[in-house]
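Asks: Before anything else, here's the structure in question.
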Amino acid sequence: MMDNLRTAANSPVLKIVLALIILSFVLTGVGGYLTSGTGSYAAEVNGQTISRAQLEQAFQQERNTLQEQLGDKFSVLASDEQSMKQIRSQALERLINNALIEQYSRELGLSASDEQVKDSIRNIPYFQTNGKFDNNKYLELLNRFNQSPDIFAEQTRQNLINQQLVMSFSGSEIALPGEAKLNAELLLQKRTVRLATLELKKIQAQQEVTDKDLQDYYARNKNSFIAPEEVKVSYIKMDAVDEMDKVSATSTDIDTYYEHNLKRYTQSEQKKYSLIQLATEAEAKAVLDELNKGADFGKLATKKSTDKFSAKNHGDIGWMEADSLPEEMKKAHLREKGQTSSVIKVPNGFAIFHLDDVKPQITKPLSEVRSEIEKIVKQEKAVDAFYALQQKVSDAATSDNESLAAAEEVSGIKIVTTNWFDRNNVPAEINFSSVIHAIFEGNLVDGQGPTGTNSDVISVEGDRAFVLRVDNYKPETVQPFEKVKEQVIELVKRQKAEKQLQIESERLLAALKEGKGEQALKDAGIHFGESQVIQRIPQNNVLVDAVFALPQPKAAKAEYGLAKNSLDDVVLIQLDKVTPGVVSGEQIKSMTDGYQSEMGNAMLESLLISLREKAKIKLGHIE
């Protein structure tokens, strides 16, 4: 299938339709928006650099998105170093994947025009008021996430390119309507059930325990009642954000960055073309003869071109730069506006090209991008200052290993001292796995207590770092029985209740299957509730899975089963009726399209795996 895609991508028509066209946007883009001049980087992908500052931009954007979605709950996520590290790693993976897709798309000649990008942005529901694009909403969102219109446009363009690849893949795979219909009927199937619940909590409340039960459980499970080791620590926290207020971008800095990155702010010359494609050379020569006699190119394209996509637009195939032109168009040698080519042989027939218009090369003036460059330069300086600060603090903490006083003096950052805490209740500001590891598993404590040494500089997510020492230490101990007695009582009661619940539920299920369930349920003090209809979707839980795992009732005889709910209660299930799903033609079409989309996404994932296997990817500094 990939070979077929490559063959199709080499068609001049596909190259023309999907050629790289840049109009009003001069995109600095994800591929080079924050390329650092310092030589440091987060990754290199086939020689294309992803800078540390670029990764930080992507990471911060992801954090902002999550904060917007989670609200107050985000602080819990932000305090977990592993979660932040995972988000940063995912951001880098996306940047690497984007670079690979971008490189592969250029190889195939795939792109999205600026008009497509603009239309896509204008059609985003969030940016609309009363069905029309609202520029204020658009700018408000970009400001909220500290993102420029150029960057947002480039990300939108990349999404459109990815969609083209997915469409190419999904168009080459077929989901059979019969298969889609069968699956839709199963998904939309309805089952009529009655449920009866044996509550664990009630059975647990009925349990009696003896002192011997409690003592025996405590003796067998002493390791479950260990009071963890505790520490008091002192630390100095360094944060790259704090360095932003200490750096500035001079006019010279901005001028130098602009000069070194001029290509990023330059839009190359672009030409707008039209096409008429014919099946035979004779037909093409006849059409060319009509054109030479004064016939209208657009009208002839609409009437006679075999390329239906461009024919609908009077032959228009859009704007292109010289680097993105397919070989067939280069052979046309069109230089001046209004020129028409001779007949050109192409794989799918014969073509005539027309140069509709020319736009000269345009470079954005420094005045237009000055504020954007100032942010970039400041961010790069802040990151460099942050790493320089870490080195100074590390040297001071090493030279004076008996306290953090020297590190405090060189950094100008006050030492913070904590109260007692264990590894499960770490103060939020230092609650990162690498910090916890250094405290409890490094060389800061031993069997005798604190070693009296300072840690190395510990880097964590969000461009923060710590140096710390353990001031005091309590080893872990087994908590005495009397302190945990109430906890042991509840554990023993629950253990007994779970055993009784299992025996009771299996007994009742057997009685139901034997036709003796009515009296058995009455004796147990429970009964089946009213009939209810359960569908497989949108629900997704153990009870629903158990209902749909039961065989269909035969001869009007109910089927019975067991399941547990979220409270660990046991639910008895009486399945009375199965109603097949009713599927419309539109639903079958929708599911078929869904299958094709899934297959296309799977193919895109396979493509990325293949590209990564062949790519030269070098990871740099990402924290």
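The values are calculated or read from the model by the stated rules, or taken from the named source; none is laboratory data. Treat the numbers as computed from the prediction; the structure is a model and nothing was measured. Calculation scope for accessible area: heavy atoms of the full protein, side chains included, ligands and nucleic acids excluded. Shrake-Rupley method; radii C 1.70, N 1.55, O 1.52, S 1.80 Å.
Asks: Give the carbon-plus-sulfur fraction of the accessible surface of the chain in %, rounded to a whole number; probe 1.4 Å, heavy atoms of protein chains only.
Replies: Values: 16490 of 33390 Å².
Percent of accessible area from carbon and sulfur atoms in the chain: 49.
Asks: Take the Cα radius of gyration of the range 421-540 and divide it by 2.2 N^0.38 Å, with N its residue count; two decimals is plenty.
Replies: 2.00
Asks: Next question. By accessible area of protein heavy atoms, probe 1.4 Å, what ranking do Met329, Met244 get, highest first?
Replies: Heavy-atom accessible area, descending, gives Met244, Met329.
Asks: In nm², what is the average projected area of the convex hull enclosing the Cα atoms of the chain?
Replies: Hull-based average projected area comes out at 41.1 nm².
Asks: Using a Cα-Cα cut-off of under 15 Å, which aspartates and glutamates could be cross-linked to Lys618, ignoring same-chain neighbours fewer than 8 residues away?
Replies: Glu44, Glu93
Asks: Which aspartates and glutamates, if any, have their Cα less than 17 Å from the Cα of Lys485, not counting same-chain residues under 8 positions apart?
Replies: Glu208, Asp211, Asp213, Asp216
Asks: Looking at the range 41-172, what % of the alpha carbon pairs are farther apart than 20 Å?
Replies: For the range 41-172, the fraction of Cα-Cα distances above 20 Å is 56 percent.
Asks: Moving to a separate point now. Tell me, how many Å apart are the Cα centres for the range 400-458 and for the range 213-284?
Replies: 27
Asks: With the contact rule set at Cα under 8 Å and sequence spacing of 6 or more, what percent relative contact order holds for the chain?
Replies: Relative contact order comes out at 26 percent.
Asks: Quick check: residue separation of Lys392 and Asn123 times 0.36 nm, minus the Cα distance between them. What number comes out in nm?
Replies: 91.7 nm is the gain from fully extending Lys392 to Asn123.
Asks: Sorted from largest down, what three extents in whole angstroms do the Cα atoms of the range 269-360 have along their principal axes?
Replies: Sorted from largest, the Cα extents of the range 269-360 read 34, 26, 22 Å.
Asks: Follow-up. Given Cα pairs under 8 Å that are at least 6 residues apart, what percent is the relative contact order of the range 269-360?
Replies: About 44 percent, as a whole number.
Asks: So what is the accessible area of the chain per residue, in Å², with the probe set to 1.4 Å?
Replies: Here the per-residue accessible area is 54 Å².
Asks: Does the range 197-335 come out rounded, prolate or oblate by the C-alpha gyration tensor, with a ≥ b ≥ c the root eigenvalues, rounded set by a/c under 1.5 and, if not, prolate when a/b is larger than b/c and oblate if not?
Replies: The shape class here is oblate.
Asks: Can you flag which of Lys232/Lys483; Lys85/Lys237; Lys212/Lys483 are past 22 Å Cα-Cα?
Replies: Result: Lys232/Lys483 exceed 22 Å.
Asks: Sticking with this structure for a sec: Using the alpha carbon gyration tensor of the range 474-581, what are the three equivalent-ellipsoid semi-axes (square root of 5 times each eigenvalue), largest first, in whole Å?
Replies: Calculated on Cα positions only, the semi-axes equal 38, 19, 10 Å.
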